[in-house]
Amino acid sequence: MTKASELPPPPKADKRPYSYERHGYRVEDPYFWLKDQGYPKVDDEDVLAYLKAENAYFEAAMKPHEGLVDTIFEEMKGRIKEDESSVPYKDGDWLYWWAFKPGAQYRTWYRKPAGGGADQVLLDEAAEAEGKEYYRLGDLEVSPDGKLAAIYVDDNGSERFKLRIRDLATGKDIETVTEVGIGSLVWSNDSKAVVFTEVNENWRSYRARLHRLGRPASEDKTLYEETADKGFSVGIGKSQDRSLIFVSTGDNATSEVRFVSADNPEAPLTLISPRKANREYSVDASHGKLWILTNDDHVNFRIAEASPQRPGAWKTVISGSDRVYLRGVSAFRDHLGITERVDGLDQIRLRSYDGSEKRVRFPEASYNASFGTNAEYAPAAYRLAYSSMVTPATVYDYHPKTEKLEVLKVQEIPSGYDASQYATERLMLPTRDGKKVPVSIVYKKGFPKDGSGKVFLYAYGAYGYAIPPSFSSSRLSLLDRGYAYAIAHIRGGDDLGYGWFLDGKLTKRTNTFNDFVDAAKGLIAQGFTSPGRIGIQGGSAGGELMGVVVNTDPELWGAVVADVPFVDVLNTMQDESLPLTPGEWPEWGNPITDKAAFELIRSYSPYDQVKAQKYPPMLITGGLNDPRVTYWEPAKWAAKLRELKTDDNLLLLKINMGAGHGGKSGRWDRVRETAEAYAFILSQID
């Protein structure tokens with residue numbers, strides 16, 4: 001294990017007086033200056049100098065481990081097919097797919113006539129990314145007549161996408177529509193207009209617009225603009241039968257949806273049902289009806305139908321259930337395609353319009369399953385995606401008439417993989433308040449359960465997002481070195497239903513952190529490991545989790561990786577100018593107006609709760625252009641930790657100077673960042 005004392009002195013950020021008062025409390029924030037006051041432009045020389053110094057220290061500290069990073073990177077790369085490609089899917093007269101050229105960082109997108117013919121390149125990401133530090137394709141939508149493509153591209157990590165229209169016959173871009181787009185793209189049925197959403201100066205998706213091809217962008221029509229609630233975000237979509245365009249607005253707890261005919265998108269929008277606090281609903285359309293998924297009368301949602309003429313009159317089709325958590329519905333010609341969880345396990349249900357039903361049967365007891373790309377309204381078979389902790393990603397076609405799963409592709413591991421060498425379990429571990437938290441764990445057979453083992457523990461725990469028990473080829477580099485890899489399905493996610501999510505937000509937020517600590521203690525109690533032999537990782541809101549548990553239970557962790565961590569929670573939730581703050585209040589609370597929320601957030605906010613104590617070795621990452629977790633959160637946290645911690649363990653901060661929330665954009669660059677994180681954990685615990 002490398003110690004800080006073995007390296008040159010780490011960077012030390014200046015402490016500059018800054019404080020504010022709220023609800024009778026005075027809050028000192030001597031590292032406030034690390035937020036460039038010209039943000040989103042960052043050009044303060046002192047700020048940049050500090051970030052560059054931290055990056056240099058990171059490089060110096062990791063240099064002794066370059067060999068390990070390189071070894072793990074080559075292992076991970078060897079498990080990825082260099083010319084990986086997707087299974088083609090049919091959409092009208094064409095088959096569409098993507099493929100990597102050998103060694104390429106980015107995909108190339110193709111199509112060919114479904115009846116046979118030559119491949120056609122739609123978009124070569126590698127060519128477009130040439131010379132750019134960052135490149136991300138946000139969306140690529142081919143027009144209904146097959147002649148044009150609407151393309152979203154972000155080339156700096158800010159998640160402000162440029163919308164271009166490309167002539168597929170020539171491969172040339174013929175129009176640039178906006179440079180501040182976000183989300184999805186939807187074509188009108190006549191292929192003469194495209195609907196998109198834009199962000200404002202605060203990176204809020206605030207309006208949906210329609211662009212008529214051949215007209216200047218200044219003539220674009222605003223279909224809907226959210227003016228009533230600055231915390232709401234606007235999104236768009238198209239019904240499975242392609243008859244309607246939906247325009248939605250909402251936050252993490254409340255939603256409202258409108259629709260318009262895709263044949264006449266400039267007509268007035270029809271409101272389905274006015275927003276009601278803490279009621280969510282989403283909509284699809286088929287057979288002249290609206291199909292609505294909503295939590296209006298049950299926490300685990302129900303499915304209802306309504307007529308477009310009376311869209312607010314909802315008639316229940318499938319009632320809510322304490323055991324069955326309804327998560328999504330797609331209205332195909334022959335079935336409602338329903339995604340759900342039963343006792344925390346993914347299920348796919350097909351419901352015919354006469355009310356008869358069937359569930360897809362999968363081969364393992366614990367797995368991750370979902371609908372894949374099903375572009376058509378009346379597919380002959382339904383495309384499904386499947387994997388488990390030991391089974392590589394598998395693409396199926398499910399044939400409802402025979403109830404058979406047809407394997408189309410199994411993820412290839414070029415360097416070899418033998419699933420029989422590994423075992424997986426789903427544990428239910430006790431929490432301090434009497435609940436049971438699920439933990440999915442995988443390890444190489446023969447893993448000791450006498451407390452001598454090492455565990456890599458991962459979790460997220462926010463926004464109702466469940467971390468699925470799915471396969472990862474990168475993870476094998478840990479398993480083959482004797483680690484067990486565990487995912488804690490903690491409250492804040494919706495792993496055990498929507499109520500599991502509600503029990504980890506707002507006033508119940510600390511359940512999330514306690515669940516993670518209790519899961520670790522449960523693994524210790526069952527003999528998987530012991531204190532100090534657990535490596536942990538989480539990103540974004542999962543990075544907040546990392547920040548809390550290193551404050552509360554530092555002795556449990558052997559090493560910590562916190563990626564783009566949301567750790568300056570109290571300050572961020574009081575800054576209405578930041579992109580996400582108003583929309584986040586339903587998740588965390590509003591400390592501006594609510595004293596109790598202020599006190600609760602302050603009690604766990606990782607930056608505010610750093611104290612003079614020993615901390616485990618830590619690697620913290622961030623992105624200079626990240627609009628979700630701004631760069632100064634990890635920077636301020638690292639500075640305060642350096643000031644107060646009393647140990648000699650490594651504390652590293654790495655800021656990607658040309659990337660955003662997701663880190664670097666090329667596939668090998670992303671793999672190398674994973675290799676760095678694993679090498680850090682291994683080098684510190686071992």
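A compact table of results
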read-out: Selected residue (criterion: farthest from D284 (Cα to Cα)) from residues of region 303-362 that are among the basic types (K, R) and touching a Lys or Arg at 6+ places or on another chain (Cβ under 6 Å); value: R359
read-out: Among the residues listed as W109, W94, W98, the single one being in contact with a helix residue (DSSP H, G or I) (Cβ under 9 Å, 6 or more places away or on another chain), open to solvent by 60 Å² or more (accessible area, probe 1.4 Å) and either closer than 27 Å to W187 by Cβ or without any contact (Cβ under 8 Å) to a residue 12 or more places away in the chain (or both); value: W109
read-out: Some residue of region 142-152 being exposed (fewer than 15 other Cβ atoms within 10 Å of the Cβ) and farther than 23 Å from D83 by Cβ; value: yes
read-out: Count of residues meeting criterion [part of a loop (DSSP other than H, G, I, E, B) and open to solvent by 30 Å² or more (accessible area, probe 1.4 Å)] in region 71-83; value: 4
read-out: Scan of region 219-240 for residues that are open to solvent by 20 Å² or more (accessible area, probe 1.4 Å), touching a residue at least 60 places away in the same chain (Cβ under 8 Å) and within 28 Å of E175 (Cα to Cα), ordered by number; value: S233, Q240
read-out: Selection count where residues are charged (D, E, K, R), in a helix (DSSP H, G or I) and either under 14 Å from A638 (Cα atoms) or without any contact (Cβ under 8 Å) to a residue 12 or more places away in the chain (or both), scope region 32-53; value: 2
read-out: Checking T593 against (1) out of contact with any helix residue (DSSP H, G or I) (no Cβ under 7 Å at 6 or more places or on another chain); (2) under 16 Å from F516 (Cβ atoms), the condition it does not meet; value: (2)
read-out: For P268: the one exception among (1) closer than 28 Å to P586 by Cα; (2) surrounded by fewer than 16 Cβ atoms within 10 Å (Cβ to Cβ); (3) not basic (K, R); value: (1)
read-out: Qualifying positions in region 433-460 - open to solvent by 20 Å² or more (accessible area, probe 1.4 Å), in contact with a Lys or Arg (Cβ under 9 Å, 6 or more places away or on another chain) and not in a strand (DSSP E or B); value: K435, S452
read-out: Residue that is most open to solvent (accessible area, probe 1.4 Å), among those in region 473-488 that are in contact with a strand residue (DSSP E or B) (Cβ under 7 Å, 6 or more places away or on another chain) and in a loop (DSSP other than H, G, I, E, B); value: D480
read-out: Hits in region 315-356 (condition: farther than 25 Å from W500 by Cβ and in a strand (DSSP E or B)); value: K315, A331, H335, L350, S352
read-out: Pairs with Cβ under 8 Å, 6+ apart, first in region 287-315 and free of Cβ contacts under 8 Å to residues at least 12 places away in the same chain, second part of a strand (DSSP E or B); value: A313/A306; A313/S307; K315/A304; K315/E305; K315/A306
read-out: Per-region count, region 528-550, residues open to solvent by less than 10 Å² (accessible area, probe 1.4 Å) and not aliphatic (A, V, I, L, M); value: 8
read-out: Top-ranked residue of region 565-604 - restricted to ones that are closer than 16 Å to L641 by Cα and in contact with a Gly (Cβ under 8 Å, 6 or more places away or on another chain), ranked as most open to solvent (accessible area, probe 1.4 Å); value: F566
read-out: Condition broken by A285, with the remaining ones in (1) open to solvent by less than 40 Å² (accessible area, probe 1.4 Å); (2) closer than 29 Å to E584 by Cβ; (3) under 28 Å from the mean Cα position of the chain (by Cα) satisfied; value: (2)
read-out: Close pairs (7 angstrom Cβ cut-off, 6 or more residues apart or separate chains): part of a loop (DSSP other than H, G, I, E, B) and open to solvent by 30 Å² or more (accessible area, probe 1.4 Å) in region 365-392, among the β-branched types (V, I, T) and modelled with pLDDT of 95 or more anywhere; value: S366/T424; G372/V395
read-out: Pair list, Cβ < 6 Å and 6+ apart or interchain, from region 529-540 residues that are part of a strand (DSSP E or B) to residues that are hydroxyl-bearing (S, T, Y) and open to solvent by 20 Å² or more (accessible area, probe 1.4 Å); value: Q537/Y458
read-out: Pairs with Cβ under 8 Å, 6+ apart, first in region 120-135 and touching a residue at least 60 places away in the same chain (Cβ under 8 Å), second β-branched (V, I, T) and open to solvent by 40 Å² or more (accessible area, probe 1.4 Å); value: none
read-out: Checking R491 against (1) surrounded by fewer than 24 Cβ atoms within 10 Å (Cβ to Cβ); (2) within 25 Å of the chain's Cα centre (by Cα), the condition it does not meet; value: (1)
read-out: Conditions (1) farther than 22 Å from T431 by Cβ; (2) within 21 Å of the chain's Cα centre (by Cα): number failed by D503; value: (1)
read-out: Odd one out for M428 among (1) modelled with pLDDT of 95 or more; (2) closer than 29 Å to N300 by Cβ; (3) in a loop (DSSP other than H, G, I, E, B); (4) out of contact with any helix residue (DSSP H, G or I) (no Cβ under 6 Å at 6 or more places or on another chain); value: (3)
read-out: Hey, L556 within 27 Å of N656 (Cα to Cα), open to solvent by less than 20 Å² (accessible area, probe 1.4 Å) and touching a residue at least 12 places away in the same chain (Cβ under 8 Å) or not; value: no
read-out: When residues of region 393-410 are limited to those that are touching a residue at least 60 places away in the same chain (Cβ under 8 Å) and in a loop (DSSP other than H, G, I, E, B), the one most open to solvent (accessible area, probe 1.4 Å); value: A393
read-out: Out of F362, F371, sole residue that is modelled with pLDDT under 95, in contact with a strand residue (DSSP E or B) (Cβ under 8 Å, 6 or more places away or on another chain) and not hydroxyl-bearing (S, T, Y); value: F362
read-out: Of all residues in region 1-31 being assigned to a helix (DSSP H, G or I) and touching a residue at least 60 places away in the same chain (Cβ under 8 Å), the one that is least open to solvent (accessible area, probe 1.4 Å); value: A4
read-out: Sole residue being farther than 19 Å from K401 by Cβ and touching an Asp or Glu at 6+ places or on another chain (Cβ under 8 Å), chosen from Q309, Q347; value: Q347
read-out: Residue check for D343: at positive phi and under 26 Å from the mean Cα position of the chain (by Cα); value: yes
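The values are calculated or read from the model by the stated rules, or taken from the named source; none is laboratory data. Note that this is a predicted model, so its numbers are computed, not measured. Ideal geometry is used to build each Cβ from the backbone, glycine not excepted, and the neighbour counts take in all protein chains shown. For the accessible areas, the whole protein counts, side chains as well, though only heavy atoms, and no ligand, DNA or RNA atoms are used. Shrake-Rupley method; radii C 1.70, N 1.55, O 1.52, S 1.80 Å.
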